[in-house]
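Peer 1: First, the structure itself, so that you have it in front of you.
The values are calculated or read from the model by the stated rules, or taken from the named source; none is laboratory data. Because the structure is a prediction, the values reported are computed rather than measured. Backbone-built Cβ (ideal geometry, glycine too); neighbour counts: all protein chains shown. Each accessible area value is taken on the protein alone, full model and side chains, heavy atoms only, with ligands, DNA and RNA left out. Shrake-Rupley method; radii C 1.70, N 1.55, O 1.52, S 1.80 Å.
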Amino acid sequence: MPKTKRYNGKESNVAQNLFFEQYMESVAKNKSNILEYLPVGYVSRSKASREFGLREEDFEKERVRETAVVVTVKGQTGIFFKEDVIKAVHEQKNLTKVPKEMIDEQTILRSFKKKDIPAGFPEQFRQYAWYGQQVGRLGRPTYFYAEDILEDELGVKLIRPGEEIVPAKSVPFEVAASPFFGLVVHGGRLFTKMEMFYFGNVAKMLNSRLRQMGQGST
């Protein structure tokens, strides 16, 4: 059986290529798994990964591995799996995925100014986090935080469009309430360094007072 070795490129890609090369060799040890034609109802390993979000640990599951076959299609030898099994694993993974509204650890970390990063973050705060893949995302599992945890443990609140806020640095008098770090979630690789803000009813009260002083927040 022909082999395709790919040892160049990103370390993660090389590791993945080696994993599936060894996987295919393992499947092919049973000669009955090497087929001349692709059966109906089978999908390629790449489709299982890209469209159904399966990761290496999912391919190691017995119910997935036992459906694996090796077939050469258009000159390319690859691994294929029963589509209904792949879909079932995908659906099961979605049941245990991190809710979409949670915020990933890297977004929080990169949004803090270096001087403002809480002592022990992120390692000592992961006890409050949810580890896994998030709904709608295919990236590697990581740590995610609920909004109430961000507020209670990190002093961070999300800034939503239209929400009334007041920058703490614009308030020239003492305020009984404490400000929060304001987190703007852009998505992708764009991050805004967090500043301190007052939110909600406190912000409304401050804006009213600042307007009376002729410097209300817009």
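Peer 1: Hey, among Phe19, Phe112, which residue is surrounded by 13 or more Cβ atoms within 10 Å (Cβ to Cβ) and over 29 Å from Tyr128 (Cβ atoms)?
Peer 2: Phe19
Peer 1: OK, next. Only one of Val171, Val156, Val185 is farther than 30 Å from Lys97 by Cβ and surrounded by 15 or more Cβ atoms within 10 Å (Cβ to Cβ). Can you tell me which?
Peer 2: Val171
Peer 1: Tell me which of these Pro161 doesn't satisfy, since it passes every other one: (1) of a type outside the set (Lys, Arg); (2) outside any helix (DSSP H, G or I); (3) open to solvent by less than 90 Å² (accessible area, probe 1.4 Å).
Peer 2: Here Pro161 meets the rest and fails (3).
Peer 1: Scanning segment 26-49 for residues that are farther than 15 Å from Ala88 by Cα, of a type outside the set (Lys, Arg) and part of a helix (DSSP H, G or I), which turns out most open to solvent (accessible area, probe 1.4 Å)?
Peer 2: Ser32
Peer 1: Kindly check whether there is at least one residue in segment 88-107 that is of a type outside the set (D, E, K, R), touching a Gly at 6+ places or on another chain (Cβ under 8 Å), closer than 28 Å to Glu60 by Cβ and open to solvent by less than 80 Å² (accessible area, probe 1.4 Å).
Peer 2: Checking segment 88-107: at least one residue is of a type outside the set (D, E, K, R), touching a Gly at 6+ places or on another chain (Cβ under 8 Å), closer than 28 Å to Glu60 by Cβ and open to solvent by less than 80 Å² (accessible area, probe 1.4 Å).
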